[in-house]
Amino acid sequence: MTLTTRSKPATETETLLRPPRRGRLGRKPRDRYDKREAIAGYLFISPWIIGFMIFTAGAMVYSLYISFSNYNLATNTARPVGLANYANLFDDPRVGKSLANTLFYVVMAVPLEIIVALVLAMLLARVGRGAGFFRTVYYLPKMTPAVATASVFFLLLNGNTGAVNQFLRIFGIRGPQWLVDPAWVKPSIVIMTLWAVAGTMVIFLAALKNVPTELYEVASIDGAGPVRKFFAITLPMISGAMFFNVIVLSIAAFQIFDQAFVLFWRDQSNASPEASLFYAIYLFQQAFRQFNFGFAAAMAWLLFVIIMIITVIQVKFGNRFVYYEGDR
């Protein structure tokens, strides 16, 4: 007579404490699935990784190498000169002038772009019917090539026959020589930059859509007005998007080239105002007009270091004012 014993069903606690079932090689089935998923992911992004390693990281390493040399384009040879190119950066007055112009432009353009993009986003967030049409219209300038935009503004900002000064004359205002007067050269480029703030506007619009409406309803019950709601609710809730936009716009502003080049430096026969000499333009002149590639590479790495320092400062101090969901 064989006695059979029935095992008691495992309790919920025993089930939770039971070690997970493993495969033949002692690994969890989930681990093998995660590994296959990771391999598939790397295979999908491998074209980008290869392109980045060859055309971006490789080019950066090579530019660092030639920044310590006197590079000859004709013979494709580089004669080492040590730190001479970097020392010449401090001896060339146009490097300091172009860097000062660029810093001035960054300080002027970035805050204005943030303000204009945020105002446009708040207006579009209030649009009900026809919202898609207005969003498309506001985004179209972003799709226009920078060269085409600069060519149009070259006509609009003409001091004598431009449409902007013609409009100001209606109100009895004599418009300035936008593209000639050194005091108005950088503001004219800033105006052109504001024409294409649609990318920043879209990010702000997405952030505004994610602000809970319950917060505004509670604030209204407490008697808060529009200004109070903006500074107490809207601004903190979109601070992450604003933080991102400030960093991205600052990096882009330091590399301004297209607009100023088309307006002022495309024709070498004309004397361009020094106020329009930005750092990227002077770097371009050294590399592709003077063929001084070693000095241009040193300029590029100086700009890289400056952008890195400013970005680190922005991240260090900006994070203090950013509200992240989940913060208490």
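Annotations
- Peptide packing for 175-187, 35-47, 290-302, 79-91 was compared via the average number of neighbouring C-beta atoms within 10 Å per residue; ordered from the highest value, the list is 290-302, 175-187, 79-91, 35-47.
- As a proxy for reagent exposure, Val202, Val218 were ordered by neighbouring Cβ count within 10 angstrom, fewest first; the result is Val218, Val202.
- Read-out semi-axes √(5λ) of the Cα gyration tensor in Å, derived from the coordinates shown; its label in (1) 50, 35, 18; (2) 41, 26, 16; (3) 38, 22, 18: (1)
- Pairwise FRET efficiency - Lys209 versus Lys229, Cβ, R0 = 22 Å, nearest 0.05: 0.85
- Compared with the direct C-alpha span, the chain from Ser151 to Ala219 gains 19.7 nm at full extension, assuming 0.36 nm per residue.
- Straightening the chain between Tyr323 and Ile50 buys 94.7 nm, computed as 0.36 nm per residue apart minus the Cα-Cα spacing.
- Estimated 222 nm signal from helices in the chain, with DSSP H stretches of n ≥ 4 weighted -39500 (n - 2.57), rounded to 500: -19500 deg cm²/dmol
- Note on the chain: GNM, Cα springs under 10 Å; of Ile54, Ile247, Ile309, the largest mean-square fluctuation is that of Ile54.
- Each residue in Met201, Met308, Met122, Met242 was given a count of other beta-carbon atoms within 10 angstrom of its own, and listing them fewest first yields Met308, Met122, Met242, Met201.
- Loop-resident trypsin sites (Lys or Arg not before Pro) (DSSP state other than H, G, I, E or B) in region 259-323 with no more than 11 further Cβ atoms inside 10 Å of their Cβ: Arg289.
- Sorted by Cβ density within 10 Å, fewest first, the residues Thr136, Thr200: Thr136, Thr200
- Here the extension length gained between Leu73 and Arg266 equals 67.2 nm, from 0.36 nm per residue of separation less the Cα-Cα distance.
- Helices in the chain that qualify as membrane-span-like (whole DSSP H runs, Cα extent of at least 30 Å along the helix axis, mean Kyte-Doolittle hydropathy of 1.0 or higher) are 93-126, 293-318.
- For region 238-263 versus region 77-128, the inter-centroid distance based on Cα atoms is 8 Å.
The numbers here are math on the coordinates, done by the rules we state, and not lab data. Since the structure is predicted, the reported quantities are computational estimates derived from the model, not experimental observations. When we count neighbours, we look across all protein chains shown, and the Cβ atoms used for this are built from the backbone with ideal geometry, even at glycine.
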